[in-house]
Amino acid sequence: MATAYRSGWHFIDLVTAIPHSGDSLMVAVFGEPVVVTRDEDGDVRAYRCLRRPRGAPQPVRCAIRYGMIFVNLDQRDHRQVAPEPADIRTISATPRSA
């Protein structure tokens with residue numbers, strides 16, 4: 001059942017938990033350690049901590065909505081595709097006089 005929910009966005013904490021650059025927060029999401037940090041530019045980033053030797057932290061998708069931090073551990077490729085431009089036609093109408 002945990003795999004069914006692993007692909008969604010999960011609430012971590014409020015952004016006020018890491019207010020300054022260099023601050024970090026470590027949490028466990030489905031038993032996997034995740035580090036959420038604020039970098040020098042003030043951006044919030046999340047990394048999965050791998051347990052294998054010499055494993056570099058793997059970035060995971062992170063989003064901030066309404067002052068809350070969310071992460072998504074899904075590894076599938078979820079590129080945002082720009083919607084195709086709609087076929088827009090301009091219709092001009094003149095009002096009829098009574």
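For the reader, a short list of remarks on this structure follows.
- Pairwise label distance in nanometres, VAL35 with MET68, each label 7 Å out on the Cα-Cβ vector: 2.6 nm
- Highest-first packing order for the peptide set 64-74, 20-30 is 64-74, 20-30, based on the mean count of other beta carbon atoms within 10 Å.
- Amide hydrogen neighbours beyond the local backbone of ASP13, cut-off 5 Å, H modeled: ILE69
- PHE11 paired with CYS49, simple spin-label distance in nm, labels 7 Å along Cα-to-beta-carbon: 2.4 nm
Readers should treat all values here as calculations from the given coordinates under stated rules, not as data from a laboratory. Values in this document were obtained by computation on a predicted structure and should not be read as measured data. Backbone-built Cβ (ideal geometry, glycine too); neighbour counts: all protein chains shown.
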